[in-house]
Ligand SMILES: [Zn+2]
């Protein structure tokens, strides 16, 4: 888990075939591309991304060509822990279609304050730097997926980055 690192420009994703780290720029995440070393086809990440700083959160949500589902959670929150495997399932299903990002509100209290997150878990969907939908409370993977599909506007994030 969590083999994927974030930086200001994109994701650093290990190739499942050869282990080579490849950079996927946020703006290009909706396209598949080939590993720089072994040329296997790579696509967007199939696991939850752990966001460690506010700067990375802003880079990810404002520039990603895919919708970003953010899970606001904390270590002490039992329902958050129960929901974590559900987010991981949704992340696996969404490879190349959407991203799932985890924000620990104790590590990043500024973000929790900025987005007025008062209950956790809270999930919020970001597209092209804007929050487009939000829901509080733990949900099964199926409901999380529906939440994304009902609230994303197809192609909007991509259009705005051309
Ligand atoms: Zn490779």
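Rule-based calculations on the coordinates, nothing more; no lab input. Small disclaimer: the values here were computed from a predicted structure and weren't measured. A quick note on method: Cβ atoms are made from the backbone with ideal geometry, for glycine too, and the neighbour counts reach across all protein chains shown.
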**OP:** With a cut-off of 12 Å, note down the residues of segment 15-41 whose backbone N falls inside the zone around a label point 7 Å from the Cα of residue 95 toward its beta carbon.
**Re:** 15-17, 41
Original post:
Once you put a point 7 Å from the Cα of residue 53 and another 7 Å from the Cα of residue 21, both along the Cβ direction, what distance in nm separates them?
Top reply: 1.5
**OP:** Using only the C-alpha atoms of the chain, find the volume of their convex hull and express it per residue in Å³.
**Re:** 101
**OP:** Counting other beta carbons within 10 Å of each Cβ, put 33, 147 in order, fewest first.
**Re:** 33, 147
Subject >> Cα shape, segment 61-125, gyration tensor, a/c 1.5 rule >> reply: oblate
Original post:
Hey, rough spin-label estimate for residue 8 and residue 119, points 7 angstrom out along Cα→Cβ, what's it come to in nanometres?
Top reply: 3.8
**OP:** Return the single residue from 38, 80, 15 with maximal mean-square fluctuation; model: Gaussian network over the chain, springs between Cα atoms under 10 Å.
**Re:** 38
Original post:
Which angle between 0 and 90 degrees, to the nearest 10, do you get for helix 141-151 versus the longest principal axis of the chain when only C-alpha atoms count?
Top reply: 80
Original post:
How far is helix 78-93 tilted, in degrees, relative to the longest principal axis of the Cα atoms in the chain, given as a value from 0 to 90 rounded to the nearest 10?
Top reply: 30
Original post:
By its C-alpha gyration tensor, with a ≥ b ≥ c as the square roots of the eigenvalues, how is segment 102-153 shaped: rounded for a/c under 1.5, else prolate for a/b larger than b/c, else oblate?
Top reply: oblate
